[in-house]
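Where a number appears in this text, it was derived from the coordinates with a stated rule and is not lab data. Keep in mind it's a predicted model, so treat the numbers as computed, not measured. Ideal geometry is used to build each Cβ from the backbone, glycine not excepted, and the neighbour counts take in all protein chains shown.
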Amino acid sequence: MLDNLFAPDKLLLVAIVGLVLFGPKRLPQIGRSVGRWLGEFRKAAGGLGDELKAGMHSDEAAQAEGAAASTASAVVVEKPAVPAVSVPVDKPAGPEPGPTPPAAP
């Protein structure tokens with residue numbers, strides 16, 4: 001049905017009808033406004049498609065995070081007991097500092 005929608009004979013018929021109805025002075029103005037409208041419509045349709053794709057990806061990510069969270073909550077990790085180590089605070093760790101050598105002249 002839509003195979004011959006933009007066939008040359010049909011486009012010519014539309015141009016003749018537009019010329020008769022609107023006249024040669026208003027036809028270019030109408031063509032420009034229709035072109036702008038189609039451009040805005042395509043931008044909006046493209047933006048809507050991008051939003052739908054982004055929504056689908058975020059839904060998939062949310063489902064994956066939910067599955068990961070449920071798996072993580074099912075896993076129990078036991079921490080091994082670590083013995084406490086005491087280090088004296090008043091004594092510095094490491095070797096004892098020795099005498100400083102004299103400065104070279």
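What is the calculated FRET efficiency for residue 15 to residue 44, with r their C-beta to C-beta distance and R₀ = 22 Å, to the nearest 0.05? Working shown, then result.
Numbers: r = 27 Å, r/R0 = 1.23.
With a Förster radius of 22 Å, E is 0.20.
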Backbone HN-Hα couplings from phi across segment 53-58 [Karplus 6.51/-1.76/1.60, Hz, Gly and Pro as x]: 5, 5, x, 5, 5, 5
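In segment 1-56, which chymotrypsin sites (Phe, Trp or Tyr not before Pro) fall in coil by DSSP and have 13 or fewer other Cβ atoms within 10 Å?
On the way: sites: 6, 22, 37, 41; in loops: 6.
Answer in residue order: 6.
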